[in-house]
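This report concerns only the one structure given below.
The values are calculated or read from the model by the stated rules, or taken from the named source; none is laboratory data. These numbers were taken from a predicted model, which means no experiment stands behind them. Backbone-built Cβ (ideal geometry, glycine too); neighbour counts: all protein chains shown. Accessible surface areas use protein heavy atoms only, side chains included; no ligands, DNA or RNA. Shrake-Rupley method; radii C 1.70, N 1.55, O 1.52, S 1.80 Å.
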Amino acid sequence: MVQDMFDPEFYMGVYETVDPNTNTRVLHFGKYRDVAECGPQQEIDLNSSQTVTAERQTFYCVPVPGESAWFYGYISASQARVSPSTSYTPSRHKRSYEEDEDMDLHPSKQKEHHLGSGGDIHGCVEPKRLETEASVGHHLNSTNCSSPLDLNFPLPGEKGPACLVKVYESWDSFKVNDVLEVYGILSVDPVLSIVNSDERRQFEYGQELCWDDVCSNPLCSWPGSSSRYSDGEKFAWSFSKPGCAVSPPRDSSTLDPMEPMDTTEEQRVHSPPASLVPRIHVILAQKLQHINPLLPACLNEEESKTSDITKKLKFVKNGEKIYSEKRERKAEGSYARRDVLPLGKFTVNLSGCPRNSIFTEHLYRIIQQLVPASYRLQMTIENMNHSRFIPHKDYAANRLVSGLLQLASNTSLVVDETQLEQGQLDTTGVHNVTALGNLITWQKVDYDFNYHQMEFPCNINVLITSEGRSLLPSDCQVHLQPQIVPPNMEEYMNSLLKAVLPSVLNKFRIYLSLLRLLDYSISDEVTKAVEEDFVEMRKNDPESITADDLHRTLLVARFLSLSAGQTTLSRERWLRAKQLEALRKARLQQQKCVNGNEL
């Protein structure tokens with residue numbers, strides 16, 4: 001997921017090197033590279049007429065927040081072996097499948113391998129690579145850094161392979177929070193690990209530099225005090241913008257004192273160690289409609305004609321069996337926007353939940369088994385007052401600091417209100433609750449840019465569990481009336497999960513993802529019948545139904561139709577939606593107030 005977009009950067013798309021001894025000139029291409037490439041006896045000709053400066057955009061990308069564990073089983077089976085983001089160690093590098101399996105079974109045996117590189121003059125790096133050991137923990141706990149490097153994941157406790165994605169074409173078609181599938185060239189050159197080090201700023205071009213000095217930098221992954229590189233070789237430092245190491249080196253006399261220099265914090269954030277945050281130079285990138293690995297990445301009209309997709313679509317359109325197996329009202333995000341109004345949003349407040357975390361916790365476990373991405377937000381006074389919900393701009397580091405509500409489209413957000421106790425919300429807590437309300441009502445999050453707020457539309461499916469009526473707004477409140485009260489809730493829920501076959505779970509996963517992508521319409525005939533029905537209901541009892549009631553009933557009818565694989569509203573589904581709404585309202589009328597909260 002695109003978590004942030006950095007400023008565009010310039011690089012040398014074409015540059016020329018010259019051998020001073022033979023005057024031999026060689027033309028090089030800088031595209032898909034971070035470091036200039038030339039031989040030991042070559043120099044970059046800064047005045048060459050062949051030099052071409054080009055521009056590229058850099059995205060800071062993180063794993064999709066809240067990815068479910070089952071998601072990775074299918075990714076690793078169908079593509080390369082991938083470690084789940086919840087257990088990924090940033091220091092891991094390529095190794096054999098056998099070693100990978102052994103380390104998965106015995107985490108204590110994990111080893112960290114980093115690449116080293118020999119250097120030569122003028123910032124040129126030899127193709128030869130040396131295998132070295134460098135602890136990422138050493139990177140993270142550097143005493144020379146103002147603070148440990150924050151990988152800026154939106155959700156707490158997540159780990160994974162963050163990366164800098166460098167895009168060369170059509171970057172305007174992507175935006176923050178988009179989920180991308182990227183094919184490109186992986187760049188983990190060790191020289192990137194010291195691009196923002198203190199030594200980089202201390203030494204000038206052409207100064208004698210001992211490799212022992214370089215290796216004292218905790219962000220460096222060079223070969224240490226190896227005698228092979230301790231002979232005081234010359235090394236040219238590039239004073240280009242961080243991330244643009246392909247730019248030619250220059251000595252201090254060529255630096256313009258009026259040229260704005262990046263802050264130390266910005267350099268550290270924008271040029272993290274390559275062993276921790278690798279670079280990917282994009283050859284092909286596409287924005288994904290969904291992230292369900294059981295379905296093709298894109299489901300356009302041409303692809304839907306293929307046999308595999310046609311079978312899946314038929315499976316949904318003939319989904320009465322699944323509909324009967326899984327008959328439930330589910331929280332939905334919006335399916336369209338008209339001006340600022342999100343159409344089709346359907347936040348459900350599930351009231352009547354037991355006042356403990358066990359029920360919601362196990363309900364969330366079931367949701368995790370069905371959707372590719374989800375998050376359970378425990379709504380406690382502590383979390384409201386101390387968590388960061390809204391992303392904000394850090395101008396010192398020139399980056400967007402993530403928050404809990406920076407989620408990918410179609411993420412299922414479960415807000416657990418059953419743990420809310422009496423207490424005082426501070427200013428942060430009030431802002432967080434307001435942000436949650438705006439997400440639910442308007443499907444937007446207002447990111448904080450200090451001097452102004454910037455609105456970011458989103459499409460998040462919200463389900464609120466509460467004992468009484470939720471303090472947060474919702475589109476539909478459904479009060480639980482359990483027919484079974486098991487003596488041991490945890491045991492009961494675990495038995496439910498174990499009873500479902502993996503093949504059935506896969507059907508549910510395909511079913512839910514495809515239903516979101518189906519087109520839905522209402523014919524003129526049915527529209528007219530609904531209007532007449534609404535007028536008749538208002539005539540009998542004007543107070544019994546409002547425009548909001550009509551809108552909610554139409555949404556329920558839409559979900560009923562799609563649940564059965566029907567892409568248009570029928571008279572029967574409309575009548576069934578009316579019946580369900582009447583039953584829901586009658587159930588709410590039967591309930592009494594709990595703790596002063598009207599149900």
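Counting only the heavy atoms of the protein chains, how much of Leu400 is accessible to a 1.4 Å probe, in Å² to the nearest 10?
10 Å²
Around Ile464, under 9 Å between beta carbons, what's the net of Lys plus Arg minus Asp minus Glu among the other residues?
Once positives and negatives cancel, what remains is -2.
Asp426 accessible area, nearest 10 Å², 1.4 Å probe?
Only protein atoms counted, so the area is about 60 Å².
Send over a whole-number figure in Å² for the accessible area per residue of segment 382-511, probe 1.4 Å.
On a per-residue basis, 49 Å².
As a test of reading the structure, rank Ile358, Ile366, Ile484 by solvent-accessible area (1.4 Å probe, protein chains only), most first.
The most accessible residue leads, giving Ile484, Ile358, Ile366.
For segment 380-454 and segment 495-522, what is the separation of their C-alpha centers, rounded to whole Å?
Each part reduced to its Cα centre gives a spacing of 30 Å.
What accessible surface, in Å², does a 1.4 Å probe find on Met1, ignoring ligands, DNA and RNA and rounding to the nearest 10?
Estimated to the nearest 10 Å², Met1 gives 10 Å².
Where does each of Leu425, Leu370 land when they are ordered by accessible area, with a 1.4 Å probe and the largest first?
Of Leu425, Leu370, the descending order of accessible area is Leu425, Leu370.
Based on the mean of other Cβ atoms within 10 Å per residue, sort peptides 462-468, 500-506 so the most packed one is first.
Packing proxy ranking, top to bottom: 462-468, 500-506.
Let me check something: with ligands and nucleic acids excluded, how do Asp519, Asp416 order by accessible area (1.4 Å probe), largest to smallest?
Final ranking, largest accessible area leading: Asp519, Asp416.
How much length is gained if the chain between His452 and Leu284 is pulled fully straight, taking 0.36 nm per residue apart and subtracting their Cα-Cα distance, in nm to one decimal?
So the chain would gain 57.0 nm between His452 and Leu284.
Applying 1/(1 + (r/R0)^6) with R0 = 45 Å to the Cβ-Cβ distance of Val26 and Arg571, what FRET efficiency is obtained, to the nearest 0.05?
Efficiency for this residue pair is about 0.05.
Just the number, please: Stokes-Einstein D of segment 517-566 in µm²/s, Kirkwood Rh from C-alpha pairs, 37 °C, 0.692 mPa s.
In µm²/s, the coefficient is 274.
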